[in-house]
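The values are calculated or read from the model by the stated rules, or taken from the named source; none is laboratory data. Small disclaimer: the values here were computed from a predicted structure and weren't measured. Ideal geometry is used to build each Cβ from the backbone, glycine not excepted, and the neighbour counts take in all protein chains shown. Surface areas here come from the heavy atoms of the whole protein model, side chains and all, with no ligands, DNA or RNA. Shrake-Rupley method; radii C 1.70, N 1.55, O 1.52, S 1.80 Å.
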Amino acid sequence: MRLSRFYLPLLRETPSEAQIVSHQLMLRAGLIRQEGAGIYAWLPLGFRVLKKIEQIVREEQNRAGAVEMLMPTIQQAELWRESGRYEAYGKEMLRITDRHDREMLFGPTNEEMITEIVRTGVRSYKDLPKLLYHIQWKFRDEIRPRFGVMRGREFLMKDTYSFDIDKAAARKSYNKMFVAYLRTFARMGLQSAPMRAESGPIGGDMSHEFIVLAETGESGVFCDRRLVDMPVPGSDIDFEGDLQPIVDQRTSLYAATDEKHDAAEFEEQVAEGDRIAARGIEVGHIFNFGTKYSEPMNAVVAGPDGKNIPLEMGSYGVGVSRLVGAVIEAHHDEGGCRWPLSVAPFHVGLINLKPGDADADAACQSFYQAFGKAGVETLYDDTNARPGEKFARMDLIGLPFQVIVGPRGLKNGVVEIKNRATGDKSEASLGDAAEVIVAQVTKGLQHSL
Ligand code: 5CA
């Protein structure tokens with residue numbers, strides 16, 4: 001993509017309403033634009049990151065055996081009356097009436113709708129288990145939308161729902177999502193830890209929040225350092241196998257959000273040097289709530305003895321749009337964003353220091369073509385801005401690699417390569433540079449699978 005054709009509106013000043021660094025950088029680097037309280041437009045650069053994060057979430061859901069579908073954003077109040085949540089949900093629910101005075105709502109979550117869908121299509125215990133998910137916009141009329149996409153009113157969520165015949169089977173579904181989440185967040189360059197949590201308005205008795213440690217996080221968290229340092233299961237993990245040991249290994253270590261924290265237990269169970277008392281961002285939340293929805297909504301299947309049994313259910317959320325902010329909180333410096341390769345809006349920023357110079361133009365054109373052929377996504381700065389402005393801009397948007405091409409270097413047959421994350425700069429010969437970059441990008445992407 002040529003920068004001259006792209007739409008990248010940058011802000012010079014840090015907007016005063018943005019209190020945390022991810023919100024500041026998302027506005028400054030032209031990722032989002034506020035369109036209302038807690039409502040954002042995703043500009044082209046931010047949209048690319050959002051889609052990459054969504055795709056990682058999707059790949060790990062599919063790997064775990066979940067099946068994708070898509071439910072609407074607008075729901076009927078009737079459905080929520082069946083579960084009893086229409087009144088209980090309160091002011092956070094955006095309620096709408098259509099032209100026939102029918103009560104509708106913009107979905108804050110989909111337990112009721114998926115239960116309605118599955119109760120008609122699943123008849124027997126032989127049709128189970130089922131794990132279904134969608135990635136869809138939600139609306140919650142939060143009292144205090146803040147921190148940009150971290151606590152928006154409209155936000156993108158991945159929500160999965162599990163349907164099982166009994167508690168033991170439901171546990172297996174829960175474990176699949178638990179392990180899928182460990183992999184999902186690690187692939188985005190995030191260290192996450194599952195923590196015991198309150199289940200709130202979703203309900204249920206087993207629940208874990210997946211937390212990324214960050215100073216600006218909304219939740220207070222207490223955990224054992226060994227949990228955060230634990231290696232993540234590899235891509236060859238068998239989701240149909242026994243995942244309980246992987247889950248137990250983690251849940252046996254102390255980790256709780258402030259609502260569930262017990263100071264005495266924490267001190268008793270965790271050696272002083274391993275105690276982490278910090279803040280964190282909740283990027284995922286999983287729930288097992290048994291028959292909370294299936295019973296009132298009459299979602300039953302015939303068991304082996306022919307008697308009807310209500311489905312055992314769970315739901316599993318990931319804050320897809322929130323993750324864009326969380327990744328920036330974890331990966332930035334004074335100069336701007338420092339995207340991990342796996343979610344970067346482009347892999348490489350190609351800077352032409354002197355557009356119009358025949359040699360610089362030719363060299364850039366050949367890089368641009370070579371990268372395109374190799375599947376390396378490139379943002380080519382072909383604009384007439386001053387070099388200083390180009391460098392600052394490229395640092396701000398934080399693409400993992402920069403290739404800097406100027407007439408002076410070209411006279412000696414070299415270009416400069418900069419690694420945005422480490423700040424390392426090196427020279428490469430005109431002949432080698434494309435290959436070096438392609439190799440690094442390919443290796444980095446492989447590594448994050
Ligand atoms: N139905 C369940 C699981 S599918 C559910 O709604 N869970 S939740 O309320 O915990 O939300 C799931 C995830 O969505 C959260 O972990 C969080 O990452 C994200 N999320 C929740 N509220 C917001 C918000 N206002 N802005 C951005 N992300 C949010």
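Before moving on, here are some points about what is shown:
- All positions within segment 64-87 that are open to solvent by less than 40 Å² (accessible area, probe 1.4 Å), touching a residue at least 40 places away in the same chain (Cβ under 8 Å) and more than 28 Å from the chain's Cα centre (by Cα): SER83
- Filter result (under 23 Å from VAL324 (Cα atoms) and not in a loop (DSSP other than H, G, I, E, B)) within segment 230-257: THR257
- When the residues of segment 208-234 are filtered to those that are within 14 Å of the ligand (Cβ to nearest atom) and of a type in the set (Asp, Glu), the one that is nearest to ALA255 (Cα to Cα) is GLU209.
- Checking LEU190, LEU227 one by one, the residue that is touching a helix residue (DSSP H, G or I) at 6+ places or on another chain (Cβ under 7 Å), buried (at least 19 other Cβ atoms within 10 Å of the Cβ), assigned to a loop (DSSP other than H, G, I, E, B) and among the hydrophobic types (A, V, I, L, M, F, W, C) is LEU190 and no other.
- Filtering segment 245-259 to residues that are among the hydroxyl-bearing types (Ser, Thr, Tyr) and either in contact with an Asp or Glu (Cβ under 9 Å, 6 or more places away or on another chain) or crowded, with 19+ Cβ neighbours inside 10 Å (or both) leaves TYR254, THR257.
- Residues (open to solvent by 10 Å² or more (accessible area, probe 1.4 Å) and not hydrophobic (A, V, I, L, M, F, W, C)) located in segment 102-129: ARG102, GLU103, GLU116, ARG119, THR120, GLY121, ARG123, SER124, TYR125, LYS126, ASP127, PRO129
- Note on segment 247-298: residues that are more than 18 Å from ASP205 (Cβ to Cβ) and within 16 Å of the ligand (Cβ to nearest atom) total 8.
- Counting only residues that are more than 14 Å from the ligand (Cβ to nearest atom) and either of a type in the set (Gly, Ala, Ser) or more than 19 Å from PRO310 (Cβ to Cβ) (or both), segment 106-151 holds 2 of them.
- Considering segment 179-207, and only residues there that are β-branched (Val, Ile, Thr) and within 14 Å of the ligand (Cβ to nearest atom), the residue that is farthest from THR109 (Cα to Cα) turns out to be THR184.
- In segment 290-302, the count of residues that are assigned to a loop (DSSP other than H, G, I, E, B), open to solvent by 60 Å² or more (accessible area, probe 1.4 Å) and on the phi > 0 side of the Ramachandran plot is one or more.
- For HIS100, the criteria (1) modelled with pLDDT of 95 or more; (2) under 26 Å from ALA37 (Cβ atoms) hold in every case but one, which is (2).
- Cross-chain or 6+ apart pairs with Cβ under 9 Å, segment 352-363 first and basic (Lys, Arg), then buried (at least 16 other Cβ atoms within 10 Å of the Cβ): LYS354/ALA360; LYS354/VAL405; LYS354/GLY406
- Candidate set from segment 24-55 (those that are within 23 Å of THR184 (Cβ to Cβ) and not hydrophobic (A, V, I, L, M, F, W, C)); member that is least open to solvent (accessible area, probe 1.4 Å): GLY46
- Qualifying residue in segment 317-333 (condition: away from the ligand (no atom under 16 Å from the Cβ) and in contact with an Asp or Glu (Cβ under 9 Å, 6 or more places away or on another chain)): yes
- LYS176 closer than 24 Å to SER235 by Cβ, open to solvent by 10 Å² or more (accessible area, probe 1.4 Å), more than 13 Å from the ligand (Cβ to nearest atom) and at pLDDT 95 or above: yes
- Test: residue in segment 88-99 that is touching a residue at least 60 places away in the same chain (Cβ under 8 Å), open to solvent by 70 Å² or more (accessible area, probe 1.4 Å) and either within 16 Å of the ligand (Cβ to nearest atom) or in contact with a strand residue (DSSP E or B) (Cβ under 6 Å, 6 or more places away or on another chain) (or both): yes
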